[in-house]
Every structure is written in C-alpha cells, then in structure tokens.
Amino acid sequence: MKIRSFRLGVLRIPLKTPFKTALRTVEQVEDVVFALETDDGRIGHGSAPATAAITGDTHGSIIDALRSHIGPRLVGGDIARLGQLAAIVQGALMHNTSAKAAAEIALHDLWGQLHDAPLYQLLGGGDPRLDTDITISVDGIDKMVADSLDALARGFTSLKIKVGKDMATDIERMRAVHSAVAGRASLRLDANQGWTAREAIHAIRTLEDAGVRMELVEQPVKAHDIDGLREVSANVRTPVMADESAFGPREAAELIRTRAADIINIKLMKAGGISNALKMADIAAVHGTECMMGCMLESPIGVSAAAHVAVARSATITRIDLDGPSLCTRNPVHGTTVFDEAAIALGDAPGLGIESIDGIEWLD
Ligand SMILES: [Mg+2]
C-alpha cells in the first residue's frame, strides 16, 4: 500500500454555543482536512484545527506546511513502514505540530486499513469505550451554573470548568458551580494560563479551605512559567495538571522530572501527532505519572484518533477530555466511532473506522 497523492480541504461544523476560555472565544469548528490516497484506492483521513493562541498554528500555516513540506515527502511512501513515514513528517519542518498531527492521523488511519484492524488494537488494545468530561465555558456565574446543571442532565459526571479571567470572580464561579453540583460530578478546573503563581496558590487554597473539592487544576500559570507551575504544585493539595506547558515528549519529561506538574494533558495537536503522544504516555508511565487525553475544539476525525490512543494507553491515560464532538451541532463524519454525549465508543472497523465525511470543501 503506497501513497499516491494527497488532498487538502476544510471542514466546518457549527457549535451549539460559543466556546470561551481565558485565551479565546470560538464560534465553530473549522478544521483543515488532510486526505492521503493510496495506489489500491484507500483513503486515510487526518485533520487539524487552527489554534493560533495555543500552538501558533493558523489555517494558512497548516495548509502550507501540509501542501509544501509534508505532503510531497509522503508521496511514494509505503504505509507498511509507518515508523519511517512518521519520522519524515516530524523532520519535514520545525514546529507546525498541528500540520504534523493531521499527517500522522491520516497515516495511522491507513496503517489500520493495511492491517485490517482498528487503530487502538494495533497500538496495544484495550476496552474501546471511554467516558469524557465536558467543558463549561467561562461566563457569568449564573450561566456557568446553568450550563453545569444542563451537562449533568445530559449524563456527564465530570465537568471541566474554565476560569482564569479574574481571580476573585473565578473563586466565586467555582464555589457556585460546586454548591450546585456537589456530589454529582467531579470538577476539573482549567485556568488556561490566566493566573500568576501567587494568584493560583491563593485561589486554590481558598477553594480548598472552603471545601470545594477539585479533582485537578489545569495550567494555572503561563505556558513558559515552569518555575511558577512548580511553585503552585508544591503549595496546594489539589493535583496540578500541565496543558499548554506540556507540548511534546521533551516538555513532559522535564515537567515530570522536576515535579512541576502531577498530571500531563496530552493532545495530538500539541505533540505533533500520534507517535509523540505515545511517547508522552510512555514517559509518564515510566515515572508512574498519570495523563489526560485532551483535544482542541476540533472535528471528530482528530478526536477519534485521540480516543484510539487513549484506549491503547489506558493504564496511563486515566482521564478523558474529548468533548469536541459533544459541543458541535452535528457529526459530519460517518463511521463506526460513536460520540454520544459522555460516551465514546470505537467500533471494530479498520483504522479510524471512517466511512464518509459530509461537507468537506476541497481546496485547489
Ligand atoms: Mg487546557
């Protein structure tokens, strides 16, 4: 099975409600789609969203990286040599982790088709059913409480509460959500780099002292403030998870070794794809550190790939934040992966199990 050509497209999916964090507001999912075609007529799909505020990657940069640097190097490649092809993707250019992720997802989709097995089985196997949390956007306190109660009614038992806009209001936000849902859902707090270390320690201790139980606090300080992250981790009882500070395997190793974070949030778009996401999970496993599998606000193509990785590394990836599809109005990706609110189920079709995708606007 050799790669004959590649195509690029754009897939847009409206969100049910705008997605708001301390960093940005998003109205719709808008992914670049990367499709690899083989000499025997197979198609492998990958995708990547533009998350300029997080990865620095824009639609323009993702498209150019795939069209001019990564795609041409893959044409003629043999899918049976997946490791070599992943190395070609990683070496094609610096940075550009989203474009690399899209390319690796498409390669792994084809690799599963080559071996006629779902991707998670080839990566190690596991129970192909996952439970995801759901994100509660940062907003007015009443709106966040209403959104949290609505999520409970939809069957979610784990809520990821976005804060980081203003510390004093953030404490009130968390207290209000906690008293509305206490005992019925676990709370994960994501400040998206919105606090200083001093503010984070004060906010988290205040919440702890008020009896607000949090499963974890995610990325309280700026991505590059590793000393600050370590300071927060050392001074609160709640486990601290690194997200924007933990891009790839190198950062994960450093954060774990220096005890700057208790938990690592792995995302394919930060890591540059599946090969590096697996390395991150394996580095964490060596140290007995647990991970979360996260996603951007992105299409079910990329989220499905992340779910396959999470299933295959479930001993280490103990938390799932793959709520992209449940925030969308519809799922244009038809296949064997089922996203049903909190429940994600991977089918037994080869690769990512994609049969067809509605509404891709092909470029060129
Ligand atoms: Mg986060």
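The numbers here are math on the coordinates, done by the rules we state, and not lab data. Quick caveat, the model's predicted, so the values are computed rather than measured. Reconstructed Cβ throughout: ideal geometry from the backbone, glycine too, with neighbour counts over all protein chains shown.
Cα to Cα, under 18 Å, and not fewer than 8 places away if on the same chain: which lysines meet these conditions relative to Lys100?
Cα-Cα hits under 18 Å: Lys267, Lys270, Lys279.
Can you tell me the relative contact order of segment 3-116? Whole percent, Cα pairs under 8 Å, sequence separation 6 or more.
Computed over segment 3-116, the figure is 28 percent.
Set Lys and Arg Cβ to +1 and Asp and Glu Cβ to -1, take the dipole of the chain about its Cα centre, and tell me which of Ala252, Gly324, Leu346 lies farthest positive.
Toward the positive end, the furthest listed residue is Ala252.
Just to be sure I understand the model, the point goes 7 Å from the Cα along the line to the Cβ. What's the resulting Arg257 to Ser5 distance in nm?
4.7 nm
Could you estimate the translational diffusion coefficient of segment 3-116 from the Stokes-Einstein equation, with Rh from the Kirkwood formula over C-alpha pairs, at 25 °C and 0.890 mPa s, in whole µm²/s?
This corresponds to a translational diffusion coefficient of 168 µm²/s.
How charged is the neighbourhood of Gln193? Take every other residue with its Cβ under 9 Å from the Cβ of Gln193, and add Lys/Arg as +1 and Asp/Glu as -1. Don't jump to the answer; show the numbers that get you there.
Working: positive: Lys222; negative: Asp225, Asp243, Glu244.
After counting each charged neighbour, the total is -2.
Specify the inter-centroid distance of segment 86-158 and segment 66-85, based on alpha-carbon positions, in whole Å.
Using only Cα atoms to place each centre, the spacing works out to 23 Å.
What's the percent breakdown of Cα-Cα distances in segment 121-357 across 10 Å bins, shortest bin first?
Pairs per bin, as whole percents: 8, 33, 36, 20, 3, 0.
Net charge near Val333, counting Lys/Arg +1 and Asp/Glu -1 over other residues with Cβ under 9 Å of its Cβ?
My count for the surroundings of Val333 gives -2.
Let's test the formula: R0 of 25 Å, r as the Cβ-Cβ distance of Thr196 and His59. What FRET efficiency results, to the nearest 0.05?
Step by step, r from the Cβ atoms, then E = 0.20.
Report, in degrees rounded to the nearest 10, the 0 to 90 angle that the Cα long axis of helix 197-209 makes with the longest principal axis of the chain.
Taking Cα atoms only, the helix is inclined about 60 degrees.
Taking only DSSP H segments of four or more residues, each worth -39500 (n - 2.57), what value at 222 nm results for the chain once the sum is divided by all its residues, to the nearest 500 deg cm²/dmol? All intermediate terms of the calculation are to be shown ahead of the outcome.
On the way: 13 runs with 133 residues, N = 364.
So the calculated ellipticity at 222 nm is -11000 deg cm²/dmol.
Tell me the angle of helix 97-114 to the major Cα principal axis of the chain, expressed in degrees between 0 and 90 and rounded to the nearest ten.
Roughly 50 degrees, rounded to the nearest 10.
I want to check the label-to-label distance for Trp362 and Asp142. Put each point 7 Å from Cα in the C-beta direction and report it in nm to one decimal.
If labels sit at Trp362 and Asp142, their model points lie 5.1 nm apart.
What percent do you get for the relative contact order of segment 121-357 when only Cα pairs under 8 Å and 6+ apart count?
19 percent
Give, rounded to the nearest 20 debye, the magnitude of the charge dipole that segment 3-116 has about its Cα centre when Lys and Arg contribute +1 at Cβ and Asp and Glu contribute -1 at Cβ.
300 debye
Report the gain in length on full extension from Leu149 to Glu27: 0.36 nm times residue separation, minus Cα-Cα distance, nm rounded to one decimal. Could you put the intermediate results ahead of the total?
Values: separation 122, 0.36 × 122 = 43.92 nm, distance 2.20 nm.
Taking 0.36 nm per residue and subtracting the Cα distance, the gain is 41.7 nm.
Expressed as a whole number of Å, what is the distance separating the alpha-carbon centroids of segment 274-293 and segment 295-364?
A separation of 20 Å, based on Cα centres.
Within the set of other residues whose C-beta is less than 11 Å from the C-beta of Asp139, count the net charge using Lys and Arg as +1 and Asp and Glu as -1.
On the way: positive: Lys20, Lys143, Lys162, Lys165, Arg173; negative: Asp142, Asp147.
Result for the local shell: +3.
For segment 289-331, state which trypsin sites (Lys or Arg not before Pro) are in a DSSP loop and have at most 12 other beta carbons lying within 10 Å of their beta carbon.
Answer by residue number: Arg330.
Sort 231-240, 62-71, 207-216, 96-105 for me by packing, meaning the mean count of neighbouring Cβ atoms within 10 Å per residue, highest on top. Each step should come with its number before you reach the end.
Values: 231-240: 18.7, 62-71: 21.1, 207-216: 15.7, 96-105: 30.8.
So the peptides 231-240, 62-71, 207-216, 96-105, ranked by packing, come out 96-105, 62-71, 231-240, 207-216.
Against the longest alpha carbon principal axis of the chain, how many degrees, from 0 to 90 and to the nearest 10, is the axis of helix 274-287 turned?
The two axes meet at around 50 degrees.
From the residues Gly126, Ile226, Gly56, which one has its Cα farthest along the dipole of the chain in the positive direction, the dipole being from +1 and -1 charges on Cβ of Lys/Arg and Asp/Glu about the Cα centre?
Ile226
Can you tell me the dipole magnitude for segment 121-357 around its Cα centre, using point charges on the Cβ only (Lys, Arg +1; Asp, Glu -1), in Debye to the nearest 20? Spell out each step's value before the answer.
On the way: 25 positive and 33 negative charges, 60 e Å.
Its charge dipole is roughly 280 debye.
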